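Data block below; observations after.
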Amino acid sequence: MKFYQRLAYYLSGFAIGMVFLFWILNGKDTSCSYFPNARVLKSIRTKPFGYSPIAEKKLDEKLIDTADIRKILTYGDVDFGKSNIKVGSGKLYFIEGQNAKGMPVTLEVVNYEDKAVLRDIIK
């Protein structure tokens, strides 16, 4: 069998397999979050989210709003050099991002088993 025939068989099988996968996975809420940054952010986003008194005070100062916090929790970067510190029954994470004005902002989030709490907002 010549090379182009083998290539044609391979590509046709690959195409059938891809169509089959798209048909099975179509409409399902699937995601691929294998990297540590994506896993931590997804874990925080899927839990009930609360605010500490310090964070509420900084929210009242209009440095950042809740839309910016959600954006940072979706697209931010977790600083693992400072993060993953045990705080009570949870872990503290430092998440870096930008607010709507483009200013760098760091969120201190404590990720508990059943909830996540924004502890502080650092400008």
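The values are calculated or read from the model by the stated rules, or taken from the named source; none is laboratory data. Keep in mind that this is a model prediction, so the values were computed, not measured. Counting neighbours? That spans all protein chains shown, and the Cβs are built from the backbone with ideal geometry, glycine included. Calculation scope for accessible area: heavy atoms of the full protein, side chains included, ligands and nucleic acids excluded. Shrake-Rupley method; radii C 1.70, N 1.55, O 1.52, S 1.80 Å.
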Compactness relative to 2.2 N^0.38 Å, alpha carbon Rg of the chain: 1.55
GNM top mover of L41, L63, L11 - the chain, alpha-carbon springs below 10 Å: L11
Distance between modelled label sites at I24 and S52, nm, 7 Å Cα→Cβ extension: 4.5 nm
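If you roll a 1.4 Å probe over the chain with all protein chains in place, what percent of the accessible area is carbon or sulfur?
Whole-percent figure for carbon plus sulfur exposure: 60.
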Projected label distance in nm at M103 and K82, using a 7 Å step from Cα toward the beta-carbon: 1.6 nm
Label-point separation in nm, F35 to S89, each point 7 Å along Cα→Cβ: 3.3 nm
Of the DSSP H helices in the chain, those whose Cα atoms cover at least 15 Å axially and whose Kyte score averages 1.0 or more: 3-25
Amide proton proximity set for G50, modelled H, under 5 Å, gap of 5+: A116, V117, L118
Set of lysines with alpha-carbon distance to K42 below 16 Å, sequence-local pairs under 8 removed: K71, K91, K115
Per residue accessible area of the chain, 1.4 Å probe, in Å²: 72 Å²
